[in-house]
Every structure is written in structure tokens, then in C-alpha cells.
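S.K.: Structure in C-alpha cells, see below.
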Amino acid sequence: MADSAVSDAVLLPPRFADWFATRGWAAREHQLAMVAKAREGRHALLIAPTGGGKTLAGFLPSLIELAERPPANSPRGIHTLYISPLKALAVDVERNLMTPIREMGLGIVAESRTGDTGVSRKQRQKVSPPDILLTTPEQLALLCAWEGARGLFEDLRCVVLDEIHTLWPTKRGDLLALDLARLQTLAPNLRRVGLSATVDDPDLIRDWMSPKAGIPDAAGDPGPGPGAGAGALGPGSPPSSRSGSGRDDVGVDLVLGPPGPRPVVEVLVSEGRVPWAGHTAQHAMAEVYEIIKRHRTTLVFVNTRFQAEFAFQELWKLNDDSLPIALHHGSLAAEQRRRVEAAMARGELKAVVCTSTLDLGIDWGDVDLVIQLAAPKGAARMVQRIGRANHRLDEPSKAIFVPANRFEMLECQAAIEAIAENSLDTEAPRTGAFDVLAQHIMGCACSEPFDLLALYDEVRTAGPYRALTWEDYEAVVDFVSTGGYALKSYDRFRRIVKGADGLWRARTADTVRRHRMNVGAIVSAATLNVRIAMRGGKGGRKIGEVEEGYLEVLDPGDTFVFAGQVWRLVGVTGVDVLVSPAPGADPKMPSWGGSKFAISSFLADKVRRMMSDENAWTVLPTDVREWLEAQRDRSIIPAPDQMLLETFPHGKRHYMVVYPFDGRHAHATLAMLLTRRLDRLGIGPLGFVCNDYAMAIWALKPMDGLDLADLFDEDMLGDDLEAWMDESFMMKRSFKACALISGLIERRMPGAEKSGRQVTFSTDLIYDVLRRHQPDHLLLRCARADAASMVIDVARVGRLLARVKGKIRHAALNHLSPFAVPMFMEIGRERAPGGAADMMLAEAADDLIAEAMS
Amino acid sequence: MTFTASLCGGVAMAVNGTQVILKASGALYVPAADALLVADLHFEKGSAYALRGQLLPPYDTRETLTRLERAVDACAPRLLVFLGDSFHDGRAEDRLAPDDAARLAALASGRTLVWVVGNHDADGPRALPGEIIEEMPLESLVLRHEPLPGVQPGEVAGHLHPAARIAGRGGRVRRRCFVTDGSRIILPAFGAYAGGLNVKDAAFAPLFMGRPLAAALGTDQVHAIGWKSLVGD
């Protein structure tokens, strides 16, 4: 292209152009576009698929600037800061970055700084900073809370935010946004660069990462923030970029990489059948194994750790060829995960069974297939996972979906359509959490004294906090200072105090030290170390970590699968779970609730449409098609805008099965609220069960005569919800996370680390007391917001109720329907865990199916 | 050991021959002496943490007081005995909010308060009414803060904050509890912020000859639970 040859010459200094040439490359258009943005001093968001040279595109402008920079007489601070969501990624990028620096002889110092970096290196980095520092949001928060932060960052020219699409809608993203605002104050000329995978709405990320000033509060209209420049692009800018998009200009230009070829995605229908129910896809394991054998390296993605352990076991049972198949999930010891990753990088593995822990991470060129076991749950996550296969831009990635049951078959088909149309799940704009803000304000006070009003203006240049009101801001500052209690008894114990100069600072050096030990916004469930039991009741080698909840279902003597082997629980001492190997034992497989995704609204919508469109059934396997036809003949197939509700007797009970297709979290919340209502109506509800597609409630009395419009009225989300939520364990869990992040409770204290166990107990006591005496306390507001959005998906229940208003299709049946069969199998599963359930299920399933299909 | 359910959800039994009632509030009532016993209130634990920079909600004292007033109102005893660690530390009494201190003092009207001292409050209160004592005989019982090892017939103590964890259908629950073998008894902690120590912990082993029984505090009821149903943490 003539144009790009011209801009090449203008944009790339000879040394860089030569380097590309000697490698036999040409700089890609989006890489040059990023250099152009830098020359114009514009913030930029680059969206490109994996393998598109995205990281180099992010660093290229900094490398050029550093190479052209005249030598300094005095030492300088950091020039470019790179932030990655994973520390492994920061280390890997450091390694990759060294290649061009070395080959071009640039003399640029690039170093990573993570939790694993040694103390002496960290100290040296503070005294003589590298030109490029690669780190994580948590390490950045720590550096920002350091008293030398100003000197370290005042020369900062560029911050590169990698995999920004995974960070921005989270509390870690809130923390990062606040630290970006801080950095911009310290270094007003700082340029922000975001690197993202394909997303549905890039404007959300542009808005999130923009430094534009806050939305005016009633107090008055603040002036334009730093860096919010004019919108017009200079002439000659590449065609693939734009500066605005109809919304007001946020000062962040969008650069699009080449889209790359469409991935090739298939659905595996093992031996032409899809099971009625289940989540493990056990039926297809033999075929999955054969497929792994035929490929170079396969990533087998699952949705939960339990599924990962299960699939790994099943594959090894079939592994007569002793293929190197490994396991990777968040509960394995870090060293073990690193070993798997290293073996993978060396190309030694045939397959890795993994959870979302490998959604992101370092590039493995050798992966030529991604298998998704069980339903994808979201189109965006699927695209990310599929992108892990074949990190070469010119070849399509290849993926196979393996649905575990019939509803999942519909979901897989919907996901394939979505990927083909390149339409992805949408996210809502992010509102920053108060607990994170509290942590940040404390961090600011630890770094240097701050002015209340100036910090307010600065905080509101952070995307998620742009609409923060002065009232809420003051409440957070008061919380940081005195705890924010109506009873003002802690005024003398303030953590931050206002000095005679009008500035706020940390009260004591001890407060500062303790804050720095507790920085971060990742609160994982309390975890316990799994260790091999030694003589004398002591714990030996650590084999991994489990969430506390995992143990709730296990008793000493019980066997379970962990890290790919069968273990017997010996006992628990402190934070250690002691186990002994139990090879060959039939494990009592505990259900593992952790990290389950719910189906996205976007996919659910597609599933509803596909189900109601008989023409779309032709792509489905015969047994699934027959199942849909039987449902049509014996009950109802609802229109896409309708919600099906079936009532029927079964055994000695009466059932109501509802099919909103709105994900397990929303369903569980709705079922809980409906149960309360049915109880008040004297129906005598006995229990309920939910999955991603439907919920079933059973009761003593029939429910076909109920006023359904009344039952599903939106007022359900009022008092009923609040009363239920405040009592629920979910609130206690959310409160604990907020208490930890905000600094009310300390995870680490000088000298001793609190075990998760102790923390669990004391935050519950605090929650109970606070709820009774100050129900509107900042942290309770924060915990309620978290529980509503993250755990029980209240917003989605609200949308569900609004959507189905006047659209409930009631089928009063005299026996269960084909659609209800999977729900009934879930009921069986809930009651009798382990092998007994499978036997029961096998017998019961035949009867159920006979009843539904007769 | 024999138990009978008492009115108001408690459990009636004999400890070393003296009839006592284990109340759902966590208090122990001794009818023969018309005495109510409570252990480990840890008043001002919240402000003790605040002193060190952790600003826990300052409502623990009034929460504990409300519970205590309710327990006292329920049986209007002549004698109210605190079994030690009533205050979280030596300076806690000075940190009491004036209205909380007044409520506490009001409990002394029409009855005698006895402050058995504990390891957290070795000197007892200075300004509040009541007698301060190391240990105290009552009927065939002896009241002290920290249980002594070996056989101690009639000992009523606190200090250990016993809690029971029970595995049942539908999950597990962890509750504060009494622990007794009919010869001695350990009371649950009464304070709002007092944590609990699992009765399966080694600290309880030297105190009982056989397997003791845990009486767990339900919402309005005390549940006697056999050793076999208890699980460790």
C-alpha cells in the first residue's frame, strides 16, 4: 500500500524500519497508527485479536520515544508503565520486549515488578527506576501509596493497559482507574494506551479509560480535566481509526486492528446423541480423547474446577497412549500451575484441561484446537478462549463445542451463530465501588498529604467515579477517617487527620504500614492449604488450595478428587487440610460451586429465538429435534418474547416449572422470592431447583389456579427482596469482601496473618451488629450493591420481570413435559450426591422420559 | 446427666447436685440462689481495636447490653454474676459511652452485681457498682473465670468461648454453646464481638473425664447435642 509506505517512512525511524525489514516483517497498519497517535499526543485504545502484534503496537511508540530521547544529566523516573491483569503476563511481556530492545541496541531498561519480585530488586527499582516498568494493578496501588510516588512517576509519559477488557468492569478495574487518575495528576502529560480483545462496545472502554473530568455535581461545573483535548484528528491519520463515535468526545482515539479470519467452530454430537441432563459431558469423553490425539496441542476449557477435575480423570482413564495431558485451575498450587505453563510453552503437552485461569495469558503458538466442554455461557468469553488456538493472524482458530445436555445444545448453536455474526455480549457501564475508593483515599494519604477538594476532582477523572457525588465522597472520607459511624466515639482514633495546613494525612506511621500490607481488590474466598498428612497429625507437602466452602460437604474419611488424584480427608487443622492418597477409591465427588458463570443475557436471548423458530431446528441433532417436537406437541414452545410456565402434578406433589432462560443466579433469586410469596398464599412450597434455563418449584398444593400476573409482579423486588437479602449468607460474604477491601478488617497485620477462617467469623459478628445499629452504613450499602449485582443479579431479575409482564404462557398439564425432564434430573442430583445419585438417576430418568414422551 | 426442657426454651439440669437452667441467651440461672451468671462480655472490644487503627463498629457494648438487659428482665435475679473478661482490657471501662455506663449501673438497682475477674480485666471495674472477687462459692458450685485442669466438681467457668459445629442435612451450623459433663460447666461467651473456640479443640480435652455434652444456643432455644454429632472446624 503506497500510503502506508509513506507513513512508514515518516513514523518509523530508520533503526526501527531496518529492524522490521531484517526480520522480514513490515510494520502493521495498526502498529503505525499507534505510533501516529503517540506523535499527536492522543490517548488511544487498540482493539485487535490475539496474535495481531498487539503488545508491540502498544510499546512501539515508547521504544521510539526512548530511542530518540537525548541522554539526561540526572536520573529520570519511569517513562512507560505497563499494567497487566496477570503477573505471569507481565514477566512474559518483559521477556518478549527484550528482543527488539537488544536487536536494535536501544539501551532501554525494561523490568517487571510483581509480587514475586525480590526485595532488593524492588528497592533498587525505587532508587533507580527502569525506563519501562511492567507490573500489575496491585503493585501499582502499592507504588502510589509510597511516599516517593511523585518522584517515581513525574516523568511518566505513557501507561499501557493490557487485556483491559478483562479489568475494567471489576473492582480491580476501579482501583486501576483511581491510580490512573493519580498518575495523571503527578504527570499531566501522561498518555493512556489501552489494549483490548474484540468487544461489543469499545466506547464503554474508551469512556472508562478517559481522563475527562467528572460529571458536574450540583456543586458546580468543573473545568476540563487534563488531557481532554480537541476531538479532530490530524490529516493523514489511518482510515481504521476514529476519534469520536457520536457520543461526546472522551479524548481517547480508537484504533482497530485487522479482524483476522473467522474462527472455525463445530459442535460435537457424540454418536449422534445429546444427553437429557448433566454438566460433565461424560458421554463424549472417548471422542474428545480421539480428537486430542489427532491434534498437536489442545486446550480443553471447562466452566468449573469440579468439571476440570472430572474431565481430567475421565481422559486419563482412556489414556492408553499415555499422552501428556495436564490440568490447570485456580485451586492448584502456584508452582504446579507454573510447571504446566512451562511444559506448555516448551510444546511438551498434548492437552491441558483448564478453567478460566487460562482464558488469558502468555502466547502459546502450538495450540491448534480449543475444546469447550459444556456450554459456553457467553459469546465474548468464547471468542477469547477460541483465540487461544493458533496465535497466528492469517490462519483461522479452530474450536469444538461439546454440549453436555439438550438445552446446552441450543446454547452452543446460539454461540456459534453469535461468533459467526461477530456480535458479542454487552456490558453495562461501570460504577465504581466505595470500598475500593476508601482504600485508594487511604493510599493517597500514605503517599503525601492531600487536599479534600483537589482529590475529589481527581477521583472524578477516573471513569467509574465520574458521577461520584460530593456527599458520597465525603461519606467515604469520613469512613476512612473515623469509620463513618453515627455514634461519634472514634474521633480520637482517626486514621487520617486534617493538619493545620488544611491537608489530610495518615495519623501514624503504623497506620501507613498496615495499609500497605493490605492493598488490593482481589478478595478470593477464604482458602485452605491442602497438604499430605504426615505422622503426628502434621501437614507435609502442599498440593494446592481449596475454598473453604469446599469442605462444607466433606467429612473426615470422605474421598474426593483434587489435582487429578483421589484423596481421603484426614482432618483440618488451622488453615491446613490434611489428606492422604486414596488411589483406586471411588471418590465421593463433592459438587463444586465455585466460579460458575451464568449464561449471558445476550446468548439467552438467542437461545429463546432459536427455540421458537422451527426452521432453526434443522441444524440440531435428531434427538434434540425430537425433544423440541415433543415439547411442542405435549406442552408449548413459547414465542421469543414469552415466558413459558408449566404446572402439573407429579408423584404426591405439585410442580411449577418456569423457563426464563436468564441464568442460574437470577433464577435462584427469583425462585427464592416466589417461594416466599407462595408460602404467604398458603400453597406450601417445599423446595426449588434452578439451572441456567429454568427453575422448578414444588409444593403441597396445586399452583395452576394462581393469578400469575400478580405472582410475577415487579413489586417482588421491594421489601421481599430486602428482607431476604439482609438475612442471606450472600450478604455476609459480600460484606466480608467490602470490609477487607475498605480496610475495616485487615487481611495481614504486622507479625501475623489472619487465616480466612478467623476473618469469616468476625466479619459475620460485625455484620450482625452493624446491621442492627446502623443499617445505612457505607459498607452495608456497598455490600448490598455488590450482592445485588454480582451474586444474585437483581438487575437481571428486574429486567426479566419487566420483560414477561403480560407475556406469561401458562400450560396447565397433567404430567411433566419434555422440557421439564432435565429439571427433574437436577432435583435427583441435589438430594443424593455421589455414585448413588447416578444409579438412582439412571433408573429414574427412564421413568421420567417415558412419562414425558408418552 | 439428665436434662429437661425448661420454660422459655432453656435446658434444666444439675451440675454437681445444684439445679441450673441453661438459657438460650447464653446465661446460666441458678434458681436456689436466684442468681444469673454470664461470661466473657468483652465490653469495648470494638474501641480496643479502634485504638490500634481498626475502626470496627462501636456498637458492640450496647448490643451486648441489650442482650444482657433482656436476659435479666426475663428472670429478675437477686444476684447478677459476671464470670470474668467482662471488659476487653484494663482501660475499657474508661471508654464506655456515658449512656452505656449508666445502663450498666442501672442493672445494680434492686440486686447485687458480682464481678469475677478474668485475664482481660484482672482488676475489675473501678467506678461501676458491685463486688470484685477472684472466685466465689454458690450452693455446691464454685464460680471462676478460667477453668482449672483435672477434676473440678461444681466449677462454673468461662474463658474458653466454646462453640459447637454441627453437621446435618442441608449444611452445617456453628453456634456458641455450653459444655458440661454434669460435674462442671463452661459458659459460652456473651459479648457481641466475642469469637468462639470449637469444643473439639484440644483446650477442652483436659477438662472432662468422659465425653461432655454441648448445649448449643439456638434462636430461642437451647439444643443439647451429643459429642458424636459435633465436628471440628
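S.K.: If you go through the stretch A:295-308 one residue at a time, do you hit one that is of a type outside the set (Lys, Arg), without any contact (Cβ under 8 Å) to a residue 60 or more places away in the chain and more than 20 Å from A:Ile386 (Cβ to Cβ)?
M.R.: No, because not a single residue in the stretch A:295-308 is of a type outside the set (Lys, Arg), without any contact (Cβ under 8 Å) to a residue 60 or more places away in the chain and more than 20 Å from A:Ile386 (Cβ to Cβ).
S.K.: Going residue by residue through the stretch A:760-782, is there one that turns out to be modelled with pLDDT under 65 and more than 14 Å from chain B (Cβ to nearest Cβ)?
M.R.: No; the residues of the stretch A:760-782 include none that is modelled with pLDDT under 65 and more than 14 Å from chain B (Cβ to nearest Cβ).
S.K.: For the stretch B:44-58, name all the residues that are in contact (Cβ under 8 Å) with a residue 60 or more places away in the chain and facing another protein chain (nearest Cβ under 9 Å). Break it down into steps so the answer makes sense when it comes.
M.R.: The first filter runs over the stretch B:44-58 and keeps only residues in contact (Cβ under 8 Å) with a residue 60 or more places away in the chain, leaving B:45-46, B:56.
The answer is B:Gly46, B:Leu56.
S.K.: Collect the residues in the stretch A:623-661 that are assigned to a helix (DSSP H, G or I) and β-branched (Val, Ile, Thr), keeping them in residue-number order.
M.R.: Matches in the stretch A:623-661: A:Val624 only.
S.K.: I'd like the full set of residues that are assigned to a strand (DSSP E or B), aliphatic (A, V, I, L, M) and modelled with pLDDT under 90, limited to the stretch A:502-530.
M.R.: Result: A:Leu528, A:Val530.
S.K.: I would also like to ask the following. Does A:Leu801 satisfy being touching a helix residue (DSSP H, G or I) at 6+ places or on another chain (Cβ under 7 Å), modelled with pLDDT of 90 or more and within 14 Å of chain B (Cβ to nearest Cβ)?
M.R.: No: the conditions fail for A:Leu801.
S.K.: Within the stretch A:63-79, take every residue that is among the aliphatic types (A, V, I, L, M) and surrounded by 10 or more Cβ atoms within 10 Å (Cβ to Cβ) and give me the one that is farthest from A:Leu12 (Cα to Cα).
M.R.: If we take residues in the stretch A:63-79 being among the aliphatic types (A, V, I, L, M) and surrounded by 10 or more Cβ atoms within 10 Å (Cβ to Cβ), then A:Ile78 is farthest from A:Leu12 (Cα to Cα).
S.K.: Considering only helices (runs of 4 or more DSSP H) fully contained in the stretch A:1-112, which possess at least 3 residues that are in contact with a Phe, Trp or Tyr (Cβ under 8 Å, 6 or more places away or on another chain)? Outline the logic, then answer.
M.R.: Details: elements: A:2-11, A:14-22, A:29-39, A:54-68, A:87-103.
It comes to A:54-68, A:87-103.
S.K.: Looking only at the stretch A:394-450, filter to residues that are modelled with pLDDT under 95 and of a type in the set (Phe, Trp, Tyr); which one of those is farthest from A:Leu620 (Cα to Cα)?
M.R.: A:Phe401
Yes or no, residue by residue, for (1) in a helix (DSSP H, G or I); (2) within 22 Å of A:Ala213 (Cα to Cα):
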{"residue": "A:Thr431", "(1), (2)": "no, yes"}
{"residue": "A:Gln439", "(1), (2)": "yes, yes"}
{"residue": "A:Ala454", "(1), (2)": "yes, yes"}
{"residue": "A:Ala467", "(1), (2)": "no, yes"}
{"residue": "A:Val476", "(1), (2)": "yes, yes"}
{"residue": "A:Phe479", "(1), (2)": "yes, no"}
{"residue": "A:Ala486", "(1), (2)": "no, no"}
{"residue": "A:Ser489", "(1), (2)": "no, no"}
{"residue": "A:Ala500", "(1), (2)": "no, no"}
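S.K.: While we're looking at this one, here's another question. Checking the structure you have, find out if any residue of the stretch A:549-563 is within 30 Å of A:Pro169 (Cβ to Cβ), modelled with pLDDT of 70 or more and under 27 Å from the mean Cα position of the chain (by Cα). Step through it out loud before you land on a result.
M.R.: We begin by selecting, within the stretch A:549-563, every residue within 30 Å of A:Pro169 (Cβ to Cβ); these are A:549-550, A:552.
Subset that is modelled with pLDDT of 70 or more: none.
Checked the stretch A:549-563: no residue is within 30 Å of A:Pro169 (Cβ to Cβ), modelled with pLDDT of 70 or more and under 27 Å from the mean Cα position of the chain (by Cα).
S.K.: Determine whether A:Gly378 is over 16 Å from A:Phe602 (Cβ atoms) and at pLDDT below 85. Quick ask: steps written out before the conclusion?
M.R.: Numbers: over 16 Å from A:Phe602 (Cβ atoms): no; at pLDDT below 85: yes.
No, not satisfied.
This table checks each residue for (1) within 24 Å of B:Lys45 (Cα to Cα); (2) part of a loop (DSSP other than H, G, I, E, B); (3) more than 11 Å from every other protein chain (Cβ to nearest Cβ).
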| site | (1), (2), (3) |
| --- | --- |
| B:Gly150 | no, yes, yes |
| B:Pro153 | no, yes, yes |
| B:Leu160 | yes, yes, yes |
| B:Ser183 | no, yes, yes |
| B:Gly191 | yes, yes, no |
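S.K.: Among the listed residues A:Arg531, A:Arg492, identify the single one that is within 14 Å of chain B (Cβ to nearest Cβ) and over 30 Å from A:Ala380 (Cβ atoms).
M.R.: A:Arg492
S.K.: Also: Which of the helices (runs of 4 or more DSSP H) contained wholly in the stretch B:48-146 include at least 1 residues that are touching a Gly at 6+ places or on another chain (Cβ under 8 Å) and within 30 Å of A:Thr482 (Cα to Cα)? Show your work before the answer.
M.R.: Details: elements: B:60-75, B:92-95, B:98-106.
Hits in the stretch B:48-146: B:60-75.
S.K.: Which helices (runs of 4 or more DSSP H) sit wholly inside the stretch A:135-178 and have at least 2 residues that are among the polar types (S, T, N, Q)?
M.R.: The helices (runs of 4 or more DSSP H) meeting that bar number zero.
S.K.: Would you mind telling me which numbered condition in (1) crowded, with 22+ Cβ neighbours inside 10 Å; (2) within 19 Å of B:Thr18 (Cα to Cα); (3) touching a helix residue (DSSP H, G or I) at 6+ places or on another chain (Cβ under 8 Å) B:Gly191 fails?
M.R.: Here B:Gly191 clears every test but (2).
S.K.: So, one more: From the list A:Pro587, A:Pro581, exactly one residue is at pLDDT 75 or above and more than 14 Å from chain B (Cβ to nearest Cβ). Which is it?
M.R.: Only one candidate qualifies: A:Pro581.
S.K.: A further question on this structure: Would you pick out the residues in the stretch B:60-86 that are at the interface with another protein chain (Cβ under 10 Å from one of its Cβ atoms) and surrounded by fewer than 24 Cβ atoms within 10 Å (Cβ to Cβ)?
M.R.: Across the stretch B:60-86, the qualifying residues are B:Arg62, B:Glu63, B:Thr66.
The values are calculated or read from the model by the stated rules, or taken from the named source; none is laboratory data. Small disclaimer: the values here were computed from a predicted structure and weren't measured. Neighbour counts run over all protein chains shown; Cβ positions are idealised from the backbone, glycine included.
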